[in-house]
C-alpha cells in the first residue's frame, strides 16, 4: 500500500502526459487541410483547362472530365470527414456554438463509422477509376483494366469484410462509441 501511495504522483503525471499527447495528432489534421487545399487547386486547374474545350469535346471526353471532377469531389469529402471525425474522436470536440453551418453528422461519427465510410469512399473512388479506364480503353489497354478491376474487387471484399466484422462486434455488444 505504501508503494502505491508513493507512485500515485508519478502515475498522475504519466496519465496526464499520455492524455495530453493526443494533441500530437493536430499536425496530421492540419496536413490534411493542406492536402484538401491541394485538391481544390487541382480541381480549379482541371476546370480552367476544360472550359475552353467543352464545345470541342466528344461525349466520352466530357464524361471522363466529369468523372475525374467527381473523383476529386469524393476525395475532398473523404478528407473533410477524416479531419472532422478524427479530430473530434481523438483530440477535442469542435465547439462552434450554435452555428447553423455545423453539419448534422459532426460529432456523431464513431471511429468504426469512420472506418466504414472510408472504405465505402475508397470503393467509390476505385469504381470511378475503373470507369475512367473502361471509357478510355484504347489508352489503358485490357491488361491494365483487368488489374484495376482486380484491385477494385479487393477493395470491395475488404469493405464487406470490415462491415461484417463491425456487425459481429456490434451484435456482441462490444461496439465502442
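Treating only the Cα positions of the stretch 35-98 as identical point scatterers, give the base-10 log of I(q)/I(0) from the Debye formula at each q in 0.17, 0.27 Å⁻¹.
One equal scatterer on each Cα of the stretch 35-98 leads to -0.68, -1.10.
Along the three principal axes, how long is the chain when you take its alpha carbons, biggest first, rounded to the nearest angstrom?
Principal extents (Cα only, largest first): 82, 36, 28 Å.
Report, in degrees rounded to the nearest 10, the 0 to 90 angle that the Cα long axis of helix 111-135 makes with the longest principal axis of the chain.
For 111-135 against the chain, the angle is about 10 degrees.
Calculate how steeply helix 59-90 sits against the longest principal axis of the alpha-carbon atoms of the chain, using the helix alpha-carbon long axis, and give the answer as 0 to 90 degrees to the nearest 10.
The two axes meet at around 0 degrees.
Going by alpha carbons, how many degrees (0 to 90, nearest 10) lie between the helix axis of 26-50 and the longest principal axis of the chain?
10 degrees
Each value in this text was obtained by applying a stated rule to the coordinates, not by laboratory testing. For clarity, every value in this text was computed on a predicted model and none was experimentally measured.
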